[in-house]
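Colleague: Have a look at this one.
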Amino acid sequence: MPGLMNHAIIGSKWAMKSNSRFHLIGWGLVAGIAFGMIARATLGSENATLGWAVSEIFKPLGQLFLRLIFMVVVPLLFSSLILGIADLGEVRVLGRLGIKSLLMTVVLSSVAVILAIAAVNLVQPGSGISPEQSAKIAATFGKPDDAAASVEKSKEAKGVLQTIVEFVPENPLESASQPKLGGMLPFMVFAVFFGVGLLKLEPEKALPVKQFFEGILGVSLNLIDMAMKFAPIGVFALIFATTATLGVDALMALGKYAALVLVVLALHLFGTYSLAIAAIAKRLPAWFFSNVRGVMLTAFATSSSNATLPTALKAGEENLGIPRPVNSFVLTLGATANQNGTALFEGVTVLFLAQLFGIPLGIPQQLTVVGLAILAGVGTAGVPGGSWPMIAAICATVGIPPGAIAICMGVDRVLDMSRTVVNVVGDLTIATCVSAMEPMESTAAEAAS
Ligand code: ASP
């Protein structure tokens, strides 16, 4: 599976480079909260000098960091979605095995996102904020008129057919340049079509195109890596601005959000996966989890599905006894295309930000978030922080200023570690279930053909 491997290797190299820097981001967060609270307590929240420092120094610094990430969204999203779809060429080669893995990926990701949406609607972690504070948040993290336009836009009702028609772009370049007018989704649809077209090309013509997009993906990841060098300062500046202007209420909401993400991730990990293991693979969940302990620790430590791939491959074959063709196919494909934890996290984050901004998202917009989060699970690179460009794109599509992601990025470290565990264990769950459904001789024969 050279294509899948290349794709995973690009990401895992990047993961190793950037992983060591993440503790500095944690310090940026802690220092931003501490200095923000001290400044607010000593100078008072309405102090003119503090207001000047926030708007002239800290906000621009934070914006610079965010723009370094936003500018990479289009090439990163386009190349990784195309390669994700093109890798499905392997699905065709592996026949039934591929279809079953793909179906399980879609079902498990859908359950993950639906759990996420239900939990945010139930707990409402971003709703305890007063309208004045929402306005302040909008002024800090997105242009206020953007937020007002978003509220208007979210009230627009369209017919189902018209909504589907608008998913298909007239001009993909125009869509990509209008993320705030909902252009990101049509652009992603174009990337999916492009990937399907690439799948249908004769192999010798498809190869240089794939190599080109692998290059674009590599360059995009390098740019994100460069931006992340600036992250400790960017996160410090953004969190300082939040704490100094909004005080502890916003931090409480952030704490509730982080706790909710962890609870729903645990529910999916130990609830949904256990059900699948018991019902489909007919094995005890305790047996499964005790055999994947090492993989869970590696995923937690590296925050990268791609960097965890070698450990997962070993555990799949040696501890869970998954036949090699199934094991290497499902796990390699899953490291890039099956990101259950990420899809769940994206769902919670987008709805939380909408609540924080006071932007009401109706059922159609929430369903758009479900669809986009599932698709974004395929398009997210399996590297630390891989989901942020996708979250920015989803936010823009449903009318939340993409700059809002800065609010959550400060607490992302532990959430990233945890969702990566769910991502990787999801791949092993699918591999275990598929190997139980597929008698060994037939998969081996199919894989060989
Ligand atoms: N860190 C995740 C992974 O590698 C991707 C993400 O959600 O940021 O699986």
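Colleague: Binning every alpha carbon pair distance of the stretch 261-337 at 5 Å from zero, what are the percents per bin?
Modeller: Distribution as computed: 3, 15, 21, 28, 24, 7, 1 percent.
Colleague: Pull out the extension gain between LEU275 and GLU170, defined as 0.36 nm times the separation in residues minus the alpha carbon to alpha carbon distance; nm, one decimal.
Modeller: Numbers: separation 105, 0.36 × 105 = 37.80 nm, distance 4.31 nm.
Contour length minus the Cα-Cα distance gives 33.5 nm.
Colleague: Which order do the peptides 293-300, 233-240, 407-414 come out in when sorted by mean C-beta neighbours inside 10 angstrom, highest first? Don't skip to the end; give the middle numbers.
Modeller: Values: 293-300: 18.6, 233-240: 25.8, 407-414: 22.0.
Result, highest mean Cβ count within 10 Å first: 233-240, 407-414, 293-300.
Colleague: Hey, what did the stretch 245-381 get for relative contact order, percent, Cα under 8 Å, at least 6 apart?
Modeller: Values: 81 pairs, mean separation 28.8, N = 137.
Result for the stretch 245-381 is 21 percent.
Colleague: I'd like the carbon and sulfur percentage of the solvent accessible area for the stretch 318-410, probe radius 1.4 Å, heavy atoms only, ligands and nucleic acids excluded.
Modeller: Details: 1060 of 1660 Å².
The nonpolar share, carbon plus sulfur, comes to 64 percent.
Colleague: Here is a further query. For the stretch 260-305, what does the accessible surface come to per residue with a 1.4 Å probe? Please give it in Å². Let's see the in-between values first.
Modeller: On the way: 2100 Å² over 46 residues.
Using a 1.4 Å probe on heavy atoms only, each residue of the stretch 260-305 averages 46 Å².
Colleague: Going down the table (LYS200/LYS282; LYS210/LYS256; LYS210/LYS282; LYS136/LYS229), which pairs top 32 Å between alpha carbons? Don't skip to the answer; put the middle values down first.
Modeller: Values: LYS200/LYS282 37 Å; LYS210/LYS256 42 Å; LYS210/LYS282 39 Å; LYS136/LYS229 28 Å.
Over 32 Å apart, Cα to Cα: LYS200/LYS282; LYS210/LYS256; LYS210/LYS282.
Colleague: At a 10 angstrom cut-off on C-beta neighbours, averaged per residue, how do the peptides 65-72, 322-329 rank from highest to lowest?
Modeller: Working: 65-72: 19.0, 322-329: 22.0.
In decreasing order of mean packing, 65-72, 322-329 become 322-329, 65-72.
The values are calculated or read from the model by the stated rules, or taken from the named source; none is laboratory data. All values derive from a computational prediction rather than experimental measurement. Cβ coordinates were reconstructed from backbone atoms using ideal geometry, including for glycine residues, and neighbour counts include every protein chain displayed. Accessible surface is based on the protein model in full, side chains and every heavy atom, while ligands, DNA and RNA are left aside. Shrake-Rupley method; radii C 1.70, N 1.55, O 1.52, S 1.80 Å.
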